[in-house]
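Take a look at the structure below.
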Amino acid sequence: MVGSLFAGAHVAEAVSLAPLTTLRIGPVARRLVTCTSTEQVVAVVRQLDSEAHSGDGGPPLVFAGGSNLVIADTLTDLTAVQLANNGIAIDGSLVRAEAGAVWDDVIVAAIEHGLGGLECLSGIPGSAGATPVQNVGAYGAEVSDTITRVRVLDRRSGAVHWVPGGDLGFGYRTSVLRRADGLEIPSVVLEVEFALDESGRSAPLRYGELRAALNASSGERADPQAVREAVLALRARKGMVLDAADHDTWSVGSFFTNPVVAPEVYERLALKMEGAIDEPMPHYPAPDGVKLAAGWLVERAGFGKGYPDDERAPCRLSTKHALALTNRGGASAEDVITLARTVRDGVRDVFGITLKTEPVLLGCRL
């Protein structure tokens with residue numbers, strides 16, 4: 001009966017979700033359904049959505065790498081669907097990755113085939129299917145630069161179809177695919193297609209720290225493998241490359257996004273801080289205003305790396321990066337939320353800016 005309902009996908013009961021997330025926090029789910037093919041994903045999600053609509057249980061949690069999730073420990077009646085469909089196909093300049101493919105494996109495959117464009121996104125944990133959801137970006141690049149289309153399962157109609165990249169409403173860490181609650185998402189990503197550079201050149205180098213590491217000028221292109229190695233080194237110094245032995249990497253990456261404010265707000269803040277600090281306030285042009293550096297705001301509000309300075313604290317800011325809230329080995333979701341609230345409120349008190357969370361919060365809220 002289970003096999004017919006779940007298209008041959010593996011079903012396990014009473015499974016801890018904590019080891020399946022990069023934060024290593026989560027409840028014991030009522031059942032975990034692991035899908036190793038796209039056909040299984042479609043059949044399982046359709047079946048579970050039908051059950052939920054008929055009142056037989058709530059909506060399932062659909063996830064893959066678990067790198068952007070904070071799941072409340074109290075969600076014990078949860079059915080989780082893990083996407084483990086991990087095929088990667090390359091045809092000329094086109095790379096198609098199934099949703100469960102490890103994102104860094106996609107980048108390695110592209111570089112091995114002489115394709116450039118994804119190397120600045122090396123080392124980001126999680127799956128390929130998650131990248132269009134929040135328009136993953138780092139070091140001057142975003143996946144929206146190269147995504148041509150995304151294959152999705154529309155959970156309202158049950159239809160499977162391709163959506164052009166231009167119809168996904170990409171913005172800073174967002175798209176039409178993103179929903180804050182993580183359960184009632186309208187579409188499940190099944191496959192992502194990228195169009196890359198066949199000339200063997202990287203994406204244009206835009207990020208100052210990366211350019212300095214490569215001794216390159218703005219807009220210059222470089223060998224993708226060299227860019228990848230530089231990015232991995234930069235990320236490792238910030239605790240942003242997964243390492244089971246390093247609690248600074250037990251996180252969801254940056255917990256808050258860089259705020260974008262109106263130019264007059266930036267000017268007012270810069271004037272207020274003039275003379276109070278020994279450096280200018282970092283800022284960058286953005287399509288709809290001025291982007292500020294969330295990590296800088298966090299530290300200047302009194303929350304330095306490693307806050308709180310107590311090794312017994314179950315959740316602390318990373319000792320390498322002030323934007324990462326880390327599980328020191330025994331943290332609960334509530335510990336993470338409590339620290340996040342403290343940091344958010346402290347930044348708001350000092351700067352009048354309310355930071356927004358980057359991960360999906362399930363069963364908990366700031």
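The values are calculated or read from the model by the stated rules, or taken from the named source; none is laboratory data. For clarity, every value in this text was computed on a predicted model and none was experimentally measured. All Cβ positions, glycine included, derive from the backbone under ideal geometry; neighbour counts span all protein chains shown. All accessible areas refer to the heavy atoms of the entire protein, side chains included, with ligands and DNA or RNA removed. Shrake-Rupley method; radii C 1.70, N 1.55, O 1.52, S 1.80 Å.
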For this session: Kindly indicate whether any position in the range 307-325 is free of Cβ contacts under 8 Å to residues at least 40 places away in the same chain and part of a helix (DSSP H, G or I).
Result: no
For this session: Return yes or no: is Ser37 within 30 Å of Ser202 (Cβ to Cβ) and touching a residue at least 24 places away in the same chain (Cβ under 8 Å)?
Result: no
Exercise. What number goes with the only condition from (1) closer than 25 Å to Ala293 by Cβ; (2) in a loop (DSSP other than H, G, I, E, B); (3) of a type outside the set (Asp, Glu) that Arg235 does not pass?
Worked result: (2)
Problem set entry | Residues located in the range 226-248, provided they are more than 10 Å from Cys120 (Cα to Cα), within 17 Å of the chain's Cα centre (by Cα) and open to solvent by less than 40 Å² (accessible area, probe 1.4 Å) | Arg235, Gly239, Met240, Asp248
For this session: Output the residues belonging to the range 269-285 that are open to solvent by 20 Å² or more (accessible area, probe 1.4 Å) and outside any helix (DSSP H, G or I).
Result: Glu274, Gly275, Ala276, Ile277, Asp278, Glu279, Pro280, Pro282, His283, Tyr284, Pro285
Exercise. Taking the range 97-142 on its own, how many of its residues are of a type in the set (Phe, Trp, Tyr) and at pLDDT below 95?
Worked result: 0
Exercise. Which condition number in (1) open to solvent by 50 Å² or more (accessible area, probe 1.4 Å); (2) over 28 Å from Val28 (Cα atoms); (3) in contact with a helix residue (DSSP H, G or I) (Cβ under 9 Å, 6 or more places away or on another chain) is the one that Leu355 fails?
Worked result: (1)
Exercise. From the set of residues in the range 197-215 that are under 29 Å from Ile90 (Cα atoms) and over 26 Å from the mean Cα position of the chain (by Cα), which is surrounded by the fewest Cβ atoms within 10 Å (Cβ to Cβ)?
Worked result: Ser199
For this session: Tell me which residues, restricted to the range 181-200, are closer than 24 Å to Ala101 by Cβ, touching a residue at least 40 places away in the same chain (Cβ under 8 Å) and not small (Gly, Ala, Ser).
Result: Leu183, Ile185, Val188, Val189, Leu190, Glu191, Val192, Glu193, Phe194, Leu196, Asp197, Glu198
Exercise. Across the range 38-67, what is the total count of residues that are part of a loop (DSSP other than H, G, I, E, B) and open to solvent by less than 30 Å² (accessible area, probe 1.4 Å)?
Worked result: 4
For this session: Test Tyr266 against the criterion of being more than 18 Å from the chain's Cα centre (by Cα) and open to solvent by 70 Å² or more (accessible area, probe 1.4 Å), and give yes or no.
Result: no
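Please note which strands (runs of 3 or more DSSP E) are completely contained in the range 82-175 and include at least 1 residues that are surrounded by fewer than 24 Cβ atoms within 10 Å (Cβ to Cβ) and without any contact (Cβ under 8 Å) to a residue 40 or more places away in the chain.
88-91, 147-154, 160-164
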